[in-house]
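Everything on this sheet refers to the single structure shown next.
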Amino acid sequence: MDASVISALAALTGAALGGFTSIVASLLAQRTQARVQWLAQEKTHRQQLYSEFIEAASKCHVDALQHDKADMPALVSLYVRIGRMRVVSSPPVVAAAEAIGRKIIDTYLEPDRNFLELREMVNSGAIDLLREFSDACRAEFATMRAQQF
């Protein structure tokens, strides 16, 4: 073989390899960027859903503490949010949300609370219905953060 042919083949091989490497790097960067963007959107969606659930659960719990007749539209709204969580959330978050729903329904069956009883519940921490749910959400977001990098 002629030296000029070998040089030309080496140059063509180098150019092809360089082009291939550039394409692969570009595809990997684009895939990573799309994944990060999807995770950010998913996190925002879950934050909004969890915020709505916390507000609805808090209102239902206060109503359950004060009344023995259930506010059915509010409970349905609460369970709609739990259903949405079943689609997108981790099992610990869903389990914590379902436990809150059961606790609220059980609270309707208990006698109404007066202000002094509510104060005692606050002082003892018994009124904090959302702690396990908040902890499960925080753990889920930490997992999502780890997946991002």
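Observations
- Scan the stretch 111-134 for residues that are exposed (fewer than 14 other Cβ atoms within 10 Å of the Cβ), of a type in the set (D, E, K, R) and touching a residue at least 24 places away in the same chain (Cβ under 8 Å) and the total you get is 1.
- Residue in the stretch 107-149 that is farthest from Leu75 (Cα to Cα), counting only those that are in contact with a helix residue (DSSP H, G or I) (Cβ under 6 Å, 6 or more places away or on another chain), assigned to a helix (DSSP H, G or I) and not hydrophobic (A, V, I, L, M, F, W, C): Gln148
- Only one of the numbered conditions (1) among the charged types (D, E, K, R); (2) assigned to a helix (DSSP H, G or I); (3) without any contact (Cβ under 8 Å) to a residue 40 or more places away in the chain is violated by Lys69, and that is (2).
- Flag for Ala74 being modelled with pLDDT under 85, among the small types (Gly, Ala, Ser) and not in a loop (DSSP other than H, G, I, E, B): no
- Going through (1) surrounded by 10 or more Cβ atoms within 10 Å (Cβ to Cβ); (2) without any contact (Cβ under 8 Å) to a residue 24 or more places away in the chain; (3) among the small types (Gly, Ala, Ser) one by one, Ala3 falls short only on (1).
- Filter result (in contact with a Lys or Arg (Cβ under 9 Å, 6 or more places away or on another chain) and either among the β-branched types (Val, Ile, Thr) or outside any helix (DSSP H, G or I) (or both)) within the stretch 94-106: Val94
- Answer residue from the stretch 84-110, given it is buried (at least 17 other Cβ atoms within 10 Å of the Cβ) and among the hydrophobic types (A, V, I, L, M, F, W, C) and is farthest from Ala142 (Cα to Cα) among those: Ile104
- Within the stretch 112-144, being modelled with pLDDT of 85 or more and small (Gly, Ala, Ser) holds for Ser124, Ser134, Ala136, Ala139, Ala142.
The values are calculated or read from the model by the stated rules, or taken from the named source; none is laboratory data. From a predicted model like this one, the values you see are computed outputs, not experimental measurements. Quick reminder, even Gly has a Cβ in these numbers, built from the backbone with ideal geometry, and neighbours come from all protein chains shown.
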